[in-house]
Amino acid sequence: MDLKELRKEIDEIDTQLVTLYEKRMKISEEVAKYKINTGKPVFDKERENAKLDWVKSQVHSEFTKHGIEELFLQIMSMSRKLQYQLLNKNGIQDKTSFRLIDTIENKKDKKVIFQGVPGSYSQIAMLEYFGEDVDNYGVETFKDAMETIKNQAADYAVLPIENSSAGIVNMSYDLLVEYDNYIVGEHILRIDQALLATKDAKIEDIKTVYSHPQGLMQCAKYLDQHRDWKQISLQNTAASALKVREDQDKTQAAIASIKAAETYDLQVLQEAINFSDTNSTRFMVVSHEPIFTIKADKVSVCFEVAHESGTLYNALAHFIYNGINMTKIESRPLEGRPWEYRFFVDFEGNLNDSSVQNALMGLKAETIDLRILGNYKKYEE
């Protein structure tokens, strides 16, 4: 049999497969109607595992067993996604606690907190987002900020979550899981780190440099040129500037903003010492209230998956099937469970969108401890 005849035979088989696939999906619709009427869950892991065992028993080589397992995993996954859509269309939805509001920006009667002291990048981001006249104050740690809004001593907190050069802020991700607080907005701030010192200092005097760990990382290439300098991490960049001001020691320097230099009457020994010209930090605006606006177009979630082959792939497939653009995925280790992870995903959409509701319904059924961390308006310059 020549290649042309072989391809013709494959085409005939594929035509049969397409016809059978459509027939199977039609039956899945009937199954969905039954589950709508009876309240049975879409995902039946025990039945699906039994089905996989059976189809693998029908083939005769290890390679084909792996292939038929992957094929039927996808067929059953598509069947579930169709059923989730039909349930959603029939008003069977997983209700969330999120409440629709008009806007959160420029609320003069609200109190906002930031982590750090005056002159910190968090304060700058907060003022840019809410306006110069907003009622605000600083707290010492990220955890303090989360506690404050949990206890409703403030309405919003502004915290860094990611830097374009140094990566994610691990503490912020971990605290989103620890606290029942929600992301309600984001702001991206251009970061231009400067080297600050007392008015009588010169570059050659410096022996110790203070900054937040992210500030030190963002300026790693510059600091490599001064390997004799001792690097010490503090809670934020502005606190580093405050320490230099208080100590009045010309051998000390801080990596912080030019605003911090103005705030604490320090001189700028050198500007723009971060190694990236596009160095920026993404800040999240966090509230204890699960709120979103009709203009919100970005959703953040986190979840775990069973430590089995294909589970993450199947979870992410809910975005593909529903035409949702996933913009980010991160992982954080699970405490006490070595080499297992919690996944954080950002994707485009609004909680009122049917496509988002379909995807979340599937994720809730097929992942572990799904949490919606927020639905908010993505930053636009």
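The values are calculated or read from the model by the stated rules, or taken from the named source; none is laboratory data. Since we're looking at a predicted model, the values are computed, not measured. No Cβ is skipped: glycine too gets one built from the backbone with ideal geometry, and neighbour counts run over all protein chains shown. What goes into the accessible areas is simple: the full protein's heavy atoms, side chains included, and nothing from ligands, DNA or RNA. Shrake-Rupley method; radii C 1.70, N 1.55, O 1.52, S 1.80 Å.
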Please determine, by comparing only the residues of the stretch 323-350 that are at pLDDT 95 or above and among the aliphatic types (A, V, I, L, M), which one is surrounded by the most Cβ atoms within 10 Å (Cβ to Cβ). 345
For the stretch 294-311, give me each residue that is open to solvent by less than 50 Å² (accessible area, probe 1.4 Å) and within 21 Å of residue 80 (Cβ to Cβ). 299, 301, 303, 304, 305, 306, 310, 311
Given the structure, is residue 89 farther than 23 Å from residue 316 by Cα and either at pLDDT 90 or above or open to solvent by 60 Å² or more (accessible area, probe 1.4 Å) (or both)? no
Checked the stretch 259-270 for anything farther than 17 Å from residue 203 by Cα and open to solvent by 50 Å² or more (accessible area, probe 1.4 Å); matches are 259, 262, 263, 265
Could you list all residues from the stretch 39-76 that are assigned to a helix (DSSP H, G or I) and within 16 Å of residue 365 (Cβ to Cβ)? 45, 46, 47, 48, 49, 73, 76
What is the one condition in (1) touching a residue at least 60 places away in the same chain (Cβ under 8 Å); (2) more than 18 Å from residue 282 (Cα to Cα); (3) open to solvent by less than 10 Å² (accessible area, probe 1.4 Å) that residue 202 does not satisfy? (3)
Considering only residues that are surrounded by fewer than 19 Cβ atoms within 10 Å (Cβ to Cβ) and at pLDDT 95 or above, look in the stretch 205-220 and name the one that is farthest from residue 162 (Cα to Cα). 205
Is it fair to say residue 254 is within 13 Å of residue 195 (Cα to Cα), open to solvent by less than 70 Å² (accessible area, probe 1.4 Å) and either out of contact with any Phe, Trp or Tyr (no Cβ under 9 Å at 6 or more places or on another chain) or without any contact (Cβ under 8 Å) to a residue 24 or more places away in the chain (or both)? no
